[in-house]
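Novice: Before I ask anything, let me first share the structure, which is written out below as structure tokens.
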Amino acid sequence: QKEVEQDPGPLSVPEGAIVSLNCTYSNSAFQYFMWYRQYSRKGPELLMYTYSSGNKEDGRFTAQVDKSSKYISLFIRDSQPSDSATYLCAMSLSTGANSKLTFGKGITLSVRP
Amino acid sequence: EAGVAQSPRYKIIEKRQSVAFWCNPISGHATLYWYQQILGQGPKLLIQFQNNGVVDDSQLPKDRFSAERLKGVDSTLKIQPAKLEDSAVYLCASRGQESTGELFFGEGSRLTVL
């Protein structure tokens, strides 16, 4: 079993749809959870960051962490064509000097105008 | 603030040849990472530096891959000899002292091995 599993894609939705992206993980020691967005031929960029369990909202984006189920989600409301990208979940044990991120495989989202 | 710089952006080589990638992190970032991203997969950590010391190279195929960060600033990743399965994007990232531990990525170096 991989440490981080991400729902397979690709995913295609019409503009304005609500999108739900999900990851599960096996290491209960993960404390920091992130979503990165990667546009084609670009490096990943941090989109959302959450520490431990709970929800975090930023504009049209909501990140949700359920540590008891080892499950994280990213919701996108009123999706736009500019949201078309690959979304990577990532998590780490700490944010100290030796911390590293473990990524899911990513899911490619296409938002149709 | 300038981002993470990587070069070359694209490289095509024959198998068994060698290749080197260069990375210049964001100024002041002590931690530098090299990730390998194979098409359709998430980034996989190859090596992590803290200043000029190696923190983690457990997933670096040391028989063919090497990396250095001699002066604690820029870094070079080398592959010699290359194999077909090394075709991937090599991403360099750096991290500052932010409490979130956010990684800042370069645009990557895309390697094709024929």
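What follows is calculated from the coordinates using simple rules that are stated; it is not laboratory data. Source: prediction; values computed, not measured. Cβ coordinates were reconstructed from backbone atoms using ideal geometry, including for glycine residues, and neighbour counts include every protein chain displayed.
Novice: Lysine pairs in chain B with Cα distance under 17 Å, only those 8 or more apart or on different chains: how many are there?
Specialist: Qualifying lysine pairs in chain B: 8.
Novice: May I ask you to derive the FRET efficiency for B:D56 and B:A5 from their Cβ-Cβ distance with R0 = 22 Å, giving the value to the nearest 0.05? Walk me through the numbers before you get to the answer.
Specialist: Working: r = 23 Å, r/R0 = 1.04.
Efficiency, rounded to the nearest 0.05: 0.45.
Novice: Taking the Cα centre as origin and putting +1 on Lys and Arg beta-carbons and -1 on Asp and Glu beta-carbons, what dipole magnitude results for chain B, to the nearest 20 debye?
Specialist: 420
Novice: Search the structure for amide H atoms under 5 Å from the amide H of A:S110, placed 1.01 Å from N in the peptide plane, and list their residues when 5 or more places away or on another chain.
Specialist: A:L11, A:S12, A:V13
Novice: Another question, if that's okay. Could you tell me what fraction of 2.2 N^0.38 Å the Cα radius of gyration of the range B:1-59 comes to, as a two-decimal ratio?
Specialist: Cα Rg divided by the expected 2.2 N^0.38 Å: 1.28.
Novice: Which net charge results for the neighbourhood of A:R41, defined as the other residues with beta-carbon distances under 9 angstrom from its beta-carbon, given Lys and Arg at +1 and Asp and Glu at -1? Before the final figure, lay out the partial values.
Specialist: On the way: positive: A:K42, B:R9, B:R110; negative: B:E107.
Taking every Cβ under 9 Å from that of A:R41, the sum is +2.
Novice: In debye, nearest 20, what is the charge dipole magnitude of the protein assembly as shown about its Cα centre with +1 on Lys and Arg Cβ and -1 on Asp and Glu Cβ, if you could check?
Specialist: In debye, rounded to 20, the protein assembly as shown gives about 580.
Novice: Express in whole angstrom the spacing between the alpha-carbon centres of the range B:73-93 and the range A:59-113.
Specialist: Value for the Cα centre distance between the two parts: 26 Å.
Novice: Then there's this: How do B:L77, B:L70, A:L11 rank when sorted from fewest to most other Cβ atoms within 10 Å of their own Cβ?
Specialist: B:L70, A:L11, B:L77
Novice: Rounded to whole Å and ordered largest first, report the semi-axes of the equivalent ellipsoid of chain A derived from its Cα gyration tensor (root of 5λ).
Specialist: 23, 14, 13
Novice: Provide, for the range A:1-90, the number of lysine pairs with alpha carbons under 18 Å apart, each pair being eight or more places apart or on different chains. Don't skip to the answer; put the middle values down first.
Specialist: On the way: A:K2/A:K67; A:K2/A:K70; A:K56/A:K67; A:K56/A:K70.
So the count works out to 4.
Novice: Here's something else I'd like to know. Dimensions of chain B along principal axes (Cα, Å, largest first)?
Specialist: Principal axes ranked by extent give 41, 24, 22 Å for the Cα atoms.
Novice: Right, something else. So for chain B, taking the charge dipole from beta-carbon charges (+1 Lys/Arg, -1 Asp/Glu), which of B:T31, B:V113, B:L45 sits furthest toward the positive end?
Specialist: B:V113
Novice: Just to be sure I follow the definition: excluding the sites themselves, where is the longest run in chain B that has none of the GluC sites (Glu not before Pro) in a DSSP loop with at most 15 other Cβ atoms within 10 Å?
Specialist: Value returned for the longest uninterrupted segment is B:15-97.
Novice: Run the Debye formula on the Cα coordinates of the protein assembly as shown, all scatterers equal and no solvent, and tell me log10 I(q)/I(0) at q = 0.12, 0.17 1/Å.
Specialist: Those come out to -0.65, -1.24, one per q.
Novice: Here is a further query. Among A:M34, B:S94, A:P113, whose Cα lies farthest out toward the positive end of the dipole of the protein assembly as shown, if unit charges sit on the beta carbon of Lys, Arg (+1) and Asp, Glu (-1)?
Specialist: About the Cα centre, the residue reaching furthest to the positive side is B:S94.
Novice: Return the long-range amide H neighbours of B:R110 (sequence gap of 5 or more, or a different chain), with a cut-off of under 5 Å between placed amide H atoms.
Specialist: Excluding prolines and chain starts, which carry no amide H, the hits are B:Y10, B:K11, B:Y90.
Novice: What does the charge dipole of chain A about its Cα centre add up to, to the nearest 20 debye, if the Cβ of each Lys and Arg holds +1 and the Cβ of each Asp and Glu holds -1?
Specialist: Working: 12 positive and 10 negative charges, 51 e Å.
With Lys and Arg at +1 and Asp and Glu at -1, about 240 debye.
Novice: Ranking A:T95, B:T31 by Cβ neighbours within 10 Å, fewest first, what do you get?
Specialist: A:T95, B:T31
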